[in-house]
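Some notes on the structure that comes next.
No value in this document is a laboratory result; all are computed from the given coordinates. Please read these numbers as outputs of a predicted model, since none were measured by experiment. Cβ placement follows ideal geometry from the backbone for every residue including glycine, while neighbour counts extend to all protein chains displayed.
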Amino acid sequence: MARIDGSALAHNLAAVRRCAPRSRVLAVVKADAYGHGLVPAARALVRAGADGLAVARLGEALALRRAGVAGTVLVLAGWSGAESLERIAAEDLDAVLHERAQLEVLRARGGAGGGPPVRVWLKADTGLHRLGFAPAEFPAVWRETAALPRVAAPLHAMTHFAAADDPAAADATARQIACFDGLLAALGDGGAPPPASLANSAAVLAAPDSHRDWVRPGIMLYGASPLAGGRGERHGLRPAMTLTAPLVAVRTVERGAAVGYGGTWTAPERMPLGVAGIGYGDGYPRHLPSGSPVLVGGRRAALAGRVSMDLAAIDLRRCPDARPGDPVTLWGEGLAVEEAAEAAGAVPHELLARVGPRVERVFA
Ligand SMILES: *Cc1c(COP(=O)(O)O)cnc(C)c1O
């Protein structure tokens, strides 16, 4: 079961506001709100005062609209053809323009009298080299886009950081900010600078000069630190998800018993072993090694052997009173998801986003 704490989402949003007091907040709820449940998480964040939401794909934005979520919703992938562009306009969504093929579509549909206005966030590639227009082409694309009658004013400018989570890469982040500022200056129409958005969670915490008009936090809203080796708790964040599973069996294994598929872990003595009803079929990572931490009855215990599709074995030597039915905490309250992520060689975003549909979400 994944218990989702709506008050933690509100608390973490308030932490974003303290870090970026002059910025509006676009709460990122892509990938099922990082596994927390798209619609209930979005509603909680809007209720807590988020100025808008961001999702990766159009389908996610449409699910929000179907659920009655109004207000600003930015589709980070933007449109892929005329049909999705018109859907975005009809549903009153905001969309990112990051690619020439999208510009062709907009050119074809963007004339006067074509349909409802389109709110565009033009993306510059300042160093991530994933999406966005190269600095050399950005000003020309900006001018062309802004001049299209159907494109709503003001046009927004955005970019995305490559390594804001890594304090050792602060120089690279500073170069991206300088590149972005150079582009805005090159637009040179002498008027007010356009609304701008650069910061993900890591930059909200570590790059205050990137905050500008809109920040785009994701992971920190869910209570985890985006910084390498960090812990949400140290930034005053609270975990929004606590993932638990019951012990479905508690047994004694003999010294030398090889536990789980492949027998990768061997009992060093006669000992109690628990089996939790969770596995990679629920999104609990299969590559978590033996020894990775879990909590049983509030005490730390350790994975023993390979995680299988539905089950995970647990060394209960430090929890000898555990009984079938007792909950095992995989992460959340009392055990930071960052710790599990480090053990899995992953980032907390990945662990949270992979929690599957088989896991019941209980929103409280
Ligand atoms: C996912 C995403 C974010 C949020 O990133 P976090 O690291 O979770 O804060 C912000 N902007 C863009 C473009 C994204 O894709």
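Key figures for this structure:
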{"item": "Table column - 3J(HN,Hα) (Hz), the range 276-281, Karplus curve with 6.51, -1.76, 1.60, x for Gly and Pro", "result": "8, x, 8, x, 5, x"}
{"item": "Kirkwood Rh, angstrom, the chain [1 / mean 1/r, Cα pairs]", "result": "22.1"}
{"item": "Amide H contacts under 5 Å for Val151, placed H, 5+ residues apart", "result": "Val118"}
{"item": "Simple spin-label estimate for Glu104 and Arg255 in nanometres, 7 Å along Cα-Cβ", "result": "7.2"}
{"item": "Within-11-Å neighbourhood charge of Gly297 [Cβ basis; K, R +1; D, E -1]", "result": "+2"}
{"item": "Semi-axes of the equivalent ellipsoid for the range 279-364, Cα gyration tensor, largest first, Å", "result": "19, 15, 13"}
{"item": "Three-way shape label, the range 166-234, alpha-carbon gyration tensor, a/c 1.5", "result": "oblate"}
{"item": "Computed FRET value (nearest 0.05) for Met309 with Ser7, which takes r as the C-beta separation and R₀ as 30 Å", "result": "0.35"}
{"item": "Residue of Ala48, Ala346, Ala136 that the Gaussian network model of the chain assigns the largest fluctuation, springs spanning Cα pairs under 10 Å", "result": "Ala136"}
{"item": "Per-pair calculated FRET efficiency, R0 = 25 Å: Ala56 and Ala90 via Cβ, rounded to 0.05", "result": "0.80"}
{"item": "J(HN,Hα) series, the range 85-98, from Karplus relation 6.51 cos²θ - 1.76 cosθ + 1.60, nearest Hz, glycine and proline x", "result": "4, 5, 5, 4, 5, 5, 8, 6, 9, 9, 9, 8, 9, 10"}
{"item": "Residue-span extension gain [Arg18 to Ala192] - 0.36 nm each, minus C-alpha spacing", "result": "60.0 nm"}
{"item": "For Gly78, residues with placed amide H under 5 Å, excluding near neighbours", "result": "Val96"}
{"item": "Paramagnetic reach from Ala228 (point 7 Å along Cα→Cβ, amide N under 11 Å) across the range 158-193", "result": "163-170"}
{"item": "Cα centroid of the range 70-124 to Cα centroid of the range 300-348, whole Å", "result": "44"}
{"item": "Over the range 103-248, volume per residue of the alpha carbon convex hull, in Å³", "result": "171"}
{"item": "Rg to Rh, two decimals, where the range 33-192 supplies the alpha carbon set and Rh follows Kirkwood", "result": "0.98"}
{"item": "For Thr126, distant residues with modelled amide H under 5 Å away", "result": "His160"}
{"item": "Local electrostatic count at Arg22 - Lys and Arg +1, Asp and Glu -1, tallied over other residues with Cβ under 11 Å", "result": "+2"}
{"item": "Note, ³J(HN,Hα) from phi for the range 282-294, Karplus 6.51, -1.76, 1.60, rounded to Hz, x at Gly and Pro", "result": "9, x, 6, x, 5, 8, 5, x, 3, x, 4, x, 9"}
{"item": "Sequence of Thr173, Thr266, Thr72, Thr145 once ranked by neighbouring C-beta atoms within 10 Å, starting from the fewest", "result": "Thr266, Thr72, Thr145, Thr173"}
{"item": "Gain upon complete extension [Arg286, Ala153; 0.36 nm per residue less C-alpha separation]", "result": "43.0 nm"}
{"item": "Kirkwood-based shape ratio for the range 220-364, expressed as Rg/Rh from alpha carbons", "result": "0.97"}
{"item": "Highest-fluctuation residue, Glu350, Glu104, Glu338 considered, GNM on the chain with Cα pairs under 10 Å", "result": "Glu104"}
{"item": "Highest-fluctuation residue, Met271, Met158, Met220 considered, GNM on the chain with Cα pairs under 10 Å", "result": "Met271"}
